Amino acid sequence: AGNYLCYLLSFSLIYAIARRAALTTLLAGGAALSVGIATYFTTQFRGSPIQPGDLQSFGTAMDVAGNYEFVVTTPMAVSLFLLLCMVGLLSVLSPDYRGQPAKQKLTGRLIPAALFVVLAVALLPLDVLSSMGISVWPWNQRESTRMTGVMAGFVGNVQFIMVDKPEGYSPTTVANLGEEIQD
């Protein structure tokens, strides 16, 4: 459930901005599919899924990507096909909001925006994910992601890149420690 709530977080934000179901599905669903595919290949090549810290080394990842062979799997192709079918279906079936009174337009943006805020406040304190049974195992990210899901695992790993300064930390202390080590 936590994994789906993480996806709903992105869908609600995009829908609040775009207010178009097909565009929201294309952008948020496409992003989710892209992250899933990237996680699949990352896991295949290095044995662990994408971590929040990997975003800092995106350029390096692109530099070495040419050394690998990327083969589209059947589930990837089916997922892309289903995503495009859903976007097409929503393009035809979604209501047209043009000509609506301003109050209805505002309400149409505020409700998903409020949902986004509620989910962000609820999910981003990482202990909430833990209370939902979602915990990440830094020593076995592959299994952790398999059990929790890609998005919940990624969000759960954010806690490992947010490190508090140690007590007594200062640049001077670090410089002094460096000098002691060199001596």
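How many residues are modelled with pLDDT of 85 or more and either in contact with a helix residue (DSSP H, G or I) (Cβ under 8 Å, 6 or more places away or on another chain) or not in a helix (DSSP H, G or I) (or both) when one looks only at the range 112-124?
The qualifying residues number 4.
Conditions tested, residue by residue: (1) open to solvent by less than 30 Å² (accessible area, probe 1.4 Å); (2) within 21 Å of ARG109 (Cα to Cα).
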position: LEU5; (1), (2): no, yes
position: LEU13; (1), (2): no, yes
position: ALA16; (1), (2): yes, yes
position: LEU23; (1), (2): no, yes
position: LEU26; (1), (2): no, yes
position: GLY29; (1), (2): yes, yes
position: ALA32; (1), (2): yes, no
position: PHE41; (1), (2): yes, no
position: PHE45; (1), (2): no, no
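Search the range 19-42 for residues that are free of Cβ contacts under 8 Å to residues at least 60 places away in the same chain and small (Gly, Ala, Ser) and pair each with any residue that is open to solvent by less than 50 Å² (accessible area, probe 1.4 Å) and outside any helix (DSSP H, G or I) when their beta-carbon atoms are under 7 Å apart and the residues are at least 6 apart or on different chains.
Cβ pairs passing all conditions: ALA38/ILE50.
Checking ALA61 against (1) at pLDDT 70 or above; (2) assigned to a helix (DSSP H, G or I): exactly one of these is not met. Which one?
Of everything listed in (1) at pLDDT 70 or above; (2) assigned to a helix (DSSP H, G or I), ALA61 misses just condition (1).
Given THR25, THR39, which one is at pLDDT 85 or above, among the polar types (S, T, N, Q) and assigned to a helix (DSSP H, G or I)?
THR25 is the lone residue from the list that is at pLDDT 85 or above, among the polar types (S, T, N, Q) and assigned to a helix (DSSP H, G or I).
In the range 42-53, which residue that is modelled with pLDDT of 80 or more and not hydrophobic (A, V, I, L, M, F, W, C) is farthest from TYR4 (Cα to Cα)?
GLN44
Among (1) at pLDDT below 90; (2) over 17 Å from PHE116 (Cα atoms); (3) under 19 Å from the mean Cα position of the chain (by Cα); (4) surrounded by 11 or more Cβ atoms within 10 Å (Cβ to Cβ), which single condition is GLN56 missing?
Checking GLN56 against (1) at pLDDT below 90; (2) over 17 Å from PHE116 (Cα atoms); (3) under 19 Å from the mean Cα position of the chain (by Cα); (4) surrounded by 11 or more Cβ atoms within 10 Å (Cβ to Cβ), the one that fails is (4).
Any residue at all in the range 92-108 that's modelled with pLDDT of 75 or more, surrounded by 14 or more Cβ atoms within 10 Å (Cβ to Cβ) and of a type in the set (A, V, I, L, M)?
no
The values are calculated or read from the model by the stated rules, or taken from the named source; none is laboratory data. Fair warning: this is a prediction, and the values are worked out from it, not measured in the lab. Positions of Cβ are generated from backbone atoms using ideal geometry, with glycine treated the same way; all protein chains shown enter the neighbour counts. Ligands, DNA and RNA are excluded from the accessible area calculation, which covers all protein heavy atoms including side chains. Shrake-Rupley method; radii C 1.70, N 1.55, O 1.52, S 1.80 Å.
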